Every structure is written in C-alpha cells, then in structure tokens.
Amino acid sequence: MDLTGAEFKELEVSEQVQIVNDLIEHGYSVERIRKSLEIGKNYISNTFKANGYTKDKETKLFIKATQGQETTKNTTKATGGTNKANKDLQKQEEDLKEPNTLEDKVKHLEDEIKGIMDTLELVADSIIEFDLKINELATNTITNTTTATSSKLKVKKLKGNKVTRSFKLNEQVQKDFKAFCKANSEYEVGEILATAMLEYMEKYK
C-alpha cells in the first residue's frame, strides 16, 4: 500500500471510508488495513463511528447510518448486534479508567484478553473469506468484453510523485474496470488509469 498512515489521516473521512471499502472488496480485513497503515488499533472504527458510519454485516463494508438506524440502535436492546455495540462502548469506557484494586486489575486484564481473542477471531474469518474469494477467482474465467489481453496494452511508466485521489464512478463502469485490472495484473491500477487519462486528453485536445 503506497499510502502512509499520516497521509490517510489527512484525508476527508468520506475518502478514508472509500479507500477502506475498496480494500475490503479486494479481500483485506480492517485489521490488515490498520497494520499496513501503521495506525492505532481502534482509529478506523472509532473515526468512522464518530462520523456516522457503520459496518454492514452482509457486505462487510462501511456505510452511512441513517437517522432511523441510529434510533433503532439506541432503543432496541434485544438484538445481538446492539448488545455487542453496547459491550464495545462499555469496554472502551472501562479501558480509559485506571484500575485501582486487584479485582479491577484482574477484570481489566480479562477484558484485554477477550479483546485479543475477538481480534483473532475476526482475522481468522477474514482469512477464510479471502481464501474463498481466491478459489472462486481461480475457477472462473473472466468473459467481460471490455477486458483486453496484456499484449494489446501499452501502459506508460510515468515518473514523478504519486498522489491519492477519490472519485465517484458509475457502478457498472467500476466493476468492468476492476475486472480489466485483474486481467492485466502485471500493471499497477494507477498506471493503467493514468495511461487511459493521458490518451483521452491527447485525443480531445
């Protein structure tokens, strides 16, 4: 990952969310992203939550929570998801407290161990999910007509610094481009995109 933790933190939250979601779609777990960026353990989840983003259980992506969803989370205590959120919040509050008694210290240590076990469980789930995606990609042939063989590409190797930018694209175009990049994985996504932009600008000067 070319992006550093400091550069990541300077981005708008919406841009951070888009980058994290894109990496999740490519098989990364939140923990792996955090370690690659070398940022704090709870930076991503706390920052996104503070700005109204929640993690969708089905897609594993971060989405903007609606007012209705926020109200449901605050009033519904019977669901497992809400109970987990309340426990996580309680744990964060307890972590901020300095243990005074032996009992407090033991409980604090138990909470830390539980947190580590939860993290390991999430990592294991992410590895299994990533392996399934790899196997699926290995057994399927890309038939999209917009892809081209690497022999037809003339990707330019550009010099100079690289910058990170976030753009909104048509959903189908994004899927086709993602498939195209996978079919030509010997080139970096940025190089393919930069070459296409240069050719387009030269053609319509």
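Things to note:
- Residue match in the range 183-196 (condition: part of a loop (DSSP other than H, G, I, E, B), modelled with pLDDT of 80 or more and farther than 20 Å from GLY27 by Cβ): no
- Consider the range 2-18 and keep the residues that are surrounded by fewer than 12 Cβ atoms within 10 Å (Cβ to Cβ) and part of a loop (DSSP other than H, G, I, E, B). The one that is modelled with the lowest pLDDT is ASP2.
- Contact map, the range 106-129: first residue among the basic types (Lys, Arg), second residue outside any helix (DSSP H, G or I), Cβ cut-off under 9 Å, separation 6 or more or different chains; pairs are LYS107/PRO99.
- Flag: GLU191 matches the condition of being over 20 Å from the mean Cα position of the chain (by Cα) and either under 23 Å from GLN16 (Cα atoms) or among the basic types (Lys, Arg) (or both).
- Condition met for LYS178 (modelled with pLDDT of 85 or more and within 21 Å of the chain's Cα centre (by Cα)): yes
- Residue within the range 138-151 that is modelled with pLDDT of 70 or more and either over 25 Å from GLU31 (Cα atoms) or not assigned by TED's automatic domain parsing to the domain that holds ILE33 (or both) present: no
The values are calculated or read from the model by the stated rules, or taken from the named source; none is laboratory data. What you see is a predicted model; the values in this text were computed from it and never measured. No Cβ is skipped: glycine too gets one built from the backbone with ideal geometry, and neighbour counts run over all protein chains shown.
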